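Values quoted throughout were computed directly from the atomic coordinates according to the rules given, and no laboratory measurement underlies them. None of the values given here were measured: they were computed from a predicted structure. Cβ: placed from backbone, ideal geometry, glycine included. Neighbour counts: every protein chain shown.
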Amino acid sequence: MGSHAKAWLVEDESAREMLDRVLTERPFLLLPPLHRVPLRVGNVVELVGPSSSSKTHILIQAAITCILPKLWKGVSYGGLGHSAMFIDLDCRFDVLRFSELLNHRIMEAANGSSSKVGCHQKDSEAQFERMKPYNEELFALCMKRFLYIRCYDSSEFLATLKTLHYRLQKEREVHGVNVHLLLIDSIGAFHWVDRGSSSFPLEYDNRKSWHLQNVSEAVVQEIRRLLLVHPMLVMATKAVVLGNKYSTNELTCLL
Amino acid sequence: MARLANLETEYPVLDSTVRNFCASHGIFSVEDFLIHDLYMLAAFAEQNNSSERLKEGIAQVLSIIDDMHQPWLNGMELLEDAKRNKHVFPTGIQGIDLLLGGGIRVGQLTELVGPSSSGKTQVCLRTASNVARNHMVLYLDTGNSFSPQRIAYFLGKTINPSSAQAKNQFLQKVMSNISCHSVFDIFAMFDVLHQLESYLRCQDGRGGCQMRLLIVDSISSLISPLLGSSSTQGRALMTSTGYLLKKLAHQHNLAVLIINHTVGGEGGYSKPALGDSWKCIPHSRLFLSCDRGSNNYNVSILRHPSMASGKAARFVI
């Protein structure tokens with residue numbers, strides 16, 4: 001009896017050890033433009049706004065910061081060097097714009113480092129030409145870290161979530177990449193379609209019908225389970241319809 | 001969605017033990033698996049007598065589910081596909097082409113919004129005549145506004161004067177590339193689009209003249225009657241239409257041009273019809289208007305994937 005009671009009092013780890021462990025397993029991810037928000041791996045963030053309020057742009061910027069390396073061939077890019085997954089439910093992702101933004105960030109970082117040394121104009125142009133193959137190599141490396149899928153309805157989305165665990169495991173084993181960022185564009189995309197799915201009575205009592213509540217619960221459950229096994233930062237956007245007072249300014253610039 | 005019983009011939013793992021176990025948890029088809037908790041199911045399977053077989057069955061269903069979604073692509077593969085397939089088609093109208101940086105893009109939905117007689121149909125006919133020179137065009141007409149004479153006029157303006165016979169042959173060839181269907185309600189449009197999807201699935205991969213432009217003139221006349229305040233069916237149908245068009249545009253490399261009307265907003269300003277839920281569907285939205293009593297039109301960008309809204313231009317048809 002006495003030994004059992006004593007076993008309760010033995011400590012597992014000190015507070016410092018726990019802090020170290022938690023900060024390595026679930027680190028802070030400071031991704032611009034949300035770098036002032038203390039987001040940690042395992043958090044779920046929802047970006048809400050009306051149409052055309054740059055929600056997708058924030059996701060794209062976060063993805064670019066995630067896939068750029070911290071330091072590469074002597075140049076500091078300030079990224080995280082991890083993979084990012086993008087689930088496109090809105091199906092409006094423009095990869096050409098994404099690649100433009102990535103190129104722009106790479107050039108900015110490269111030029112930033114060269115201008116610190118204090119080169120002349122001609123020197124910097126020559127250096128730019130020299131850096132071009134490195135930039136292209138880095139560009140290819142970063143683009144390969146960006147994983148993309150689009151879903152045209154809720155069943156495809158649920159199928160993606162259910163098989164995501166195995167895909168992440170495979171990525172980790174085969175390529176050795178760790179995905180730390182999961183971006184979902186427009187989590188409310190299929191709201192009306194699911195709401196309109198008629199839930200006519202099914203022949204068996206315990207059978208779940210396919211309507212909005214069951215689908216939403218299934219999505220939330222899958223994401224929760226996924227975060228237990230593969231800790232990631234999840235960022236989702238949602239388009240909302242604001243009240244009338246915000247929509248008057250829409251066409252004033254045209255008339 | 002396939003019932004599990006019907007899948008047994010293809011996947012013998014899904015025999016009656018597996019099916020009875022699933023039935024006891026209310027799962028009768030693959031779709032039911034999607035809204036059920038598979039980890040709980042696996043836990044129940046552990047406690048069952050024939051747990052090995054059940055776990056094999058669940059693994060088999062998971063691999064079936066893996067085929068149900070689009071493939072994962074990385075950034076380089078996406079970029080490759082965009083550069084190879086997603087070209088830009090000029091509309092043939094200089095002002096619009098300059099504003100859009102080339103024209104309308106394959107794989108994207110471009111919406112033309114404007115009040116009556118603001119040139120929307122004219123822009124569509126001009127674009128159709130331009131694209132039809134080399135590719136096939138499908139024109140879905142809801143208000144009998146398609147005019148073959150106008151298309152012939154546009155084509156006539158741009159070809160070199162040669163013999164009347166050569167001119168005729170050219171006209172014949174280009175006009176035969178345009179197919180026009182009249183649809184007067186949304187279900188007829190769904191019908192045509194599903195037939196188009198099956199047709200394109202067979203055509204993709206074969207050479208020759210491919211379909212590259214789909215015009216819907218106008219989508220608001222099909223959807224507005226359905227958008228009442230009480231039922232959600234209207235918005236569900238509207239969203240489904242949008243996604244079907246996006247799927248066709250992306251998977252079969254079509255440029256889609258949609259026409260929408262305007263309705264009165266607050267303060268007397270007009271705003272695009274179909275409400276706020278429609279705003280998230282098209283990739284680009286252009287607002288057209290006409291100067292009274294002349295052939296001068298104005299176009300401005302309401303939304304574009306890579307340009308700021310508010311940019312405007314003028315054009316003449």
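Assorted remarks:
- Alpha-carbon centroids, the range B:217-238 and the range A:130-181: separation in whole Å: 37 Å
- A convex hull fitted around the alpha carbon atoms of the protein assembly as shown yields 238 Å³ per residue.
- Computed lengthening from B:E77 to B:Y39, 0.36 nm per intervening residue step minus Cα-Cα distance: 10.4 nm
- Based on alpha carbons, the Rg and Dmax found for the range B:79-316 are 17.7, 61 Å.
- Toward the positive end of the charge dipole of chain B, with +1 on the Cβ of Lys and Arg and -1 on the Cβ of Asp and Glu, the farthest Cα among B:L155, B:L54, B:T9 is that of B:L155.
- Among the residues of B:74-84, the average count of other protein chain beta-carbon atoms within 10 Å of the residue beta-carbon is 6.
- In the protein assembly as shown, the DSSP beta bridges split such that about 30 percent are antiparallel, to the nearest 5.
- Cβ-based charge dipole, the protein assembly as shown, positive-most Cα from B:C202, A:L182, A:W210: B:C202
- Taking the inverse of the mean 1/r over every pair of distinct Cα atoms in the range B:4-68 gives a Kirkwood hydrodynamic radius of 11.6 Å.
- Label-to-label distance, B:S29 versus B:A5, with points set 7 angstrom from Cα along the beta-carbon direction: 1.3 nm.
- Once the Cα gyration tensor of the range B:99-154 is diagonalised, semi-axes √(5λ) in Å: 18, 16, 11
- Taking amide H positions as modeled 1.01 Å from N, with prolines and chain starts lacking one, the residues under 5 Å from B:I178 and 5 or more places away or on another chain are B:V137.
- Applying 0.36 nm per residue to the separation of A:R26 and A:E46 and subtracting their alpha-carbon distance, the gain on full extension is 5.3 nm.
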